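Since the structure comes first, as structure tokens, the remarks are kept for the end.
Computed from the coordinates by the stated procedures, all read-outs in this text should not be read as laboratory data. Everything numeric here is computed off the predicted structure, so don't read it as measured data. Cβ atoms come from the backbone with ideal geometry, glycine included; neighbour counts cover every protein chain shown.
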């Protein structure tokens with residue numbers, strides 16, 4: 001890894017600067033470096049080299065001092081980070097502390113941030129479902145936000161492209177609402193999940209349950225060996241970092257690939273303050289970077305800049321990139337930057353029991369679950385709310401213990417395996433509607449320790465979300481009842497926006513510069529050498545876990561950028 | 001090259017691993033967890049797994065104290081340490097012997113009496129002790145492997161026969 005400490009401008013000049021080294025930044029870096037472009041990757045967090053910087057990856061459960069639970073003191077000092085399910089002894093070191101870059105919550109919002117190379121690609125849930133044409137057509141059909149400037153056909157070849165490299169396992173399910181790819185072998189549904197799949201398809205024409213498509217190598221291809229990755233070992237402790245590279249993380253895949261070319265330079269501890277706009281050249285010429293250890297600011301220069309800092313961080317940096325030409329943030333001529341932020345609604349769950357297959361159980365572990373593709377309003381509007389929801393679904397069976405007694409009685413009780421019914425559970429993943437009043441902006445007074453104005457966030461649930469929650473509960477209760485599940489309990493988990501970690505928008509794509517910030521190639525309409533290809537670019541959210549789409553959009557935009565550079569247009 | 005004197009005697013065991021507790025109480029806690037889940041060495045006893053080391057031998061007390069120190073509300077923690085200091089008094093009143101002096105059977109009997117004591121302070125103490133002892137014991141290397149734990153199974157089968165033990 002190369003660390004730069006050279007003052008000459010020439011040494012600080014690159015073909016491309018990538019802001020962020022996570023899910024999408026890693027792809028930008030790989031694409032540019034692979035094609036021979038001199039690339040600088042800036043990461044605000046610490047170094048995290050594959051395997052070497054996974055300190056907990058091989059710890060056994062009993063080797064974790066509190067068996068996974070983070071001490072109360074740490075949780076109390078970091079209520080935002082601690083709200084994430086992955087903030088435990090195995091992975092807490094991959095989260096940003098709450099005090100590092102505080103933000104203002106105009107309404108409750110849990111901004112879950114990583115703090116190392118690879119970003120959240122180390123921590124993600126690894127579900128990788130494609131968007132379909134119905135997802136891209138949503139805003140235009142239903143009259144919200146603005147029309148997407150691209151459709152499924154534009155992105156399909158790029159889904160193919162990134163899926164091949166990443167390694168996606170799944171079935172060819174033949175659903176037009178969830179297009180297939182060239183998948184690695186699928187994980188297995190267990191008997192109760194298969195039963196539910198059969199029951200639902202028998203009782204509902206429009207509904208399908210499938211095994212999730214996920215970024216796990218179930219059968220390596222040469223392209224995965226070329227990355228130094230191997231078959232997933234089903235440890236299901238992915239968030240600690242995987243020494244096999246069994247699931248996709250930038251750290252095991254795109255970042256080392258980019259560095260191996262010799263064309264890329266990776267700089268951790270590099271907090272991007274803002275982009276530099278040159279009025280004469282009428283383009284962005286570089287970035288201002290604060291070294292988080294020395295607190296010194298240095299400028300770096302490039303012909304093109306890719307923004308992959310994560311959805312809200314990209315908004316933050318662009319809003320803070322003020323110049324005479326762009327007093328309200330780089331590319332923000334229409335004042336819409338930071339607005340129309342949306343997320344995924346994970347607020348409802350439904351659990352139950354099943355007393356079939358009582359002579360069966362599962363064996364081994366599975367880093368995946370079943371998946372219920374969206375079935376509401378897919379082809380036409382049919383409910384009193386807009387859009388719909390996908391859902392995770394899984395069944396499991398574990399033996400219980402009897403904790404009665406003391407002494408030998410207790411010990412004997414603990415040793416008894418008690419096999420109760422199967423337990424099933426589902427959680428909704430609802431599309432939320434981007435609205436002008438859902439925004440992020442720079443706070444007028446508060447700054448962080450880098451002197452950067454704090455981001456102020458105002459994103460809320462709305463009536464459409466409440467109706468969708470009700471519908472999820474009702475529909476799944478009916479589906480559960482038809483499958484013979486018992487003791488059905490639908491409930492709400494109180495998760496606030498942001499806790500889904502699928503925040504999107506603020507620098508949306510669109511056809512018209514008056515109503516959007518980015519064009520169909522993810523270029524800022526008014527500053528063509530700046531590309532935004534992380535979650536900030538999203539015009540709408542649909543229901544699918546978004547990482548795969550960010551990766552495909554990034555590879556597509558990088559390809560376009562390089563072609564334009566070769567033509568001398570950038 | 002010289003190394004500090006303390007380093008000569010350094011072993012993992014010699015390091016103070018249990019915080020916020022006196023040496024005497026640390027020893028007592030070890031005996032309490034052992035009494036709660038004792039060593040049994042009769043193979044083929046009531047249940048598989050019965051012939052296994054006790055929670056004291058497994059040093060589950062260290063886990064109990066880590067949880068009490070770091071993952072337990074202040075009032076519950078202070079009740080725990082206060083009542084821990086009163087276990088010997090409890091034992092003296094019932095048996096005229098300190099807890100350490102009791103036979104293994106009497107230790108378990110004494111624990112059982114504490115578990116049935118209705119005083120809120122003893123209920124809180126016993127609840128904390130049992131919860132963390134059971135958690136630490138069940139997630140110990142020995143018991144997890146007894147129960148078929150596989151760190152990296154490399155597979156998933158969604159439907160296998162349940163063979164009841």
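With Cα atoms defining each centre, the stretch A:274-325 and the stretch A:119-170 are spaced 27 Å apart in the structure. For the pair residue A:569 and residue A:409 in one chain, pulling the backbone fully straight at 0.36 nm per residue adds 49.7 nm over the alpha carbon distance. Taking label points 7 Å from Cα along the Cα-to-Cβ direction, residue A:467 and residue A:106 give a separation of 2.5 nm.
Full extension of the chain between residue A:279 and residue A:236 gives 10.3 nm of extra length, using 0.36 nm per residue less the Cα-Cα distance. Could you give the angle, 0 to 90 degrees to the nearest 10, between helix A:547-566's Cα long axis and the longest principal axis of the Cα atoms of chain A? In chain A, helix A:547-566 runs at an angle near 20 degrees to the longest axis.
Note on the stretch A:368-408: Cα-only Rg and Dmax are 20.7, 64 Å.
Between the C-alpha center of the stretch A:189-226 and that of the stretch A:387-420 there is a gap of 26 Å. A straight line joining the Cα centroids of the stretch A:227-271 and the stretch A:467-529 runs 28 Å. Here the gap between residue A:38 and residue A:291, fully extended at 0.36 nm per residue and compared with their Cα-Cα distance, gives a gain of 89.0 nm. The ranking of A:24, A:177 from fewest to most other beta carbons within 10 Å of each one's beta carbon is A:177, A:24.
Shown is the FRET efficiency for residue B:106 and residue A:419, computed with R0 = 30 Å from the Cβ-Cβ distance and rounded to the nearest 0.05: 0.25. FRET efficiency for the residue A:261 to residue B:150 pair, using the beta carbon distance and R₀ = 45 Å, is estimated at 0.70.
Using alpha carbons only, the radius of gyration of the stretch B:24-145 set against its Kirkwood radius gives Rg/Rh = 0.97.
Kindly list the residues of the stretch A:331-355 that lie in the label zone of residue A:460, defined by a backbone N under 20 Å from the point 7 Å along the Cα-to-C-beta vector. Residues A:338-348 qualify, since their backbone N sits under 20 Å from the label point. The angle between the Cα long axis of helix A:23-34 and the main principal axis of chain A comes to about 50°, on a 0 to 90 degree scale. Going by neighbour counts of Cβ atoms within 10 Å, the residues A:238, B:71 line up, fewest first, as B:71, A:238. Taking the number of Cβ atoms within 10 Å of each Cβ as an exposure proxy, the fewest-first ranking of A:358, A:509, B:31 is A:358, B:31, A:509.
Taking every DSSP helix (H) stretch of at least 4 residues in chain A, weighting each as -39,500 (n - 2.57) and dividing the sum by the residue count yields a mean residue ellipticity at 222 nm of -6500 deg cm²/dmol. Between residue A:437 and residue A:73, the distance separating the two model label sites (each 7 Å from Cα on the Cα→Cβ line) works out to 4.4 nm. Once C-alpha pairs closer than 8 Å and six or more residues apart are averaged by separation and normalised to the residue number of chain A, the relative contact order reads 21 percent. In the protein assembly as shown, the ratio of gyration radius to Kirkwood radius, Rg to Rh, stands at 1.01 when only Cα atoms are counted. Label-to-label distance, residue A:140 versus residue A:176, with points set 7 angstrom from Cα along the beta-carbon direction: 1.6 nm.
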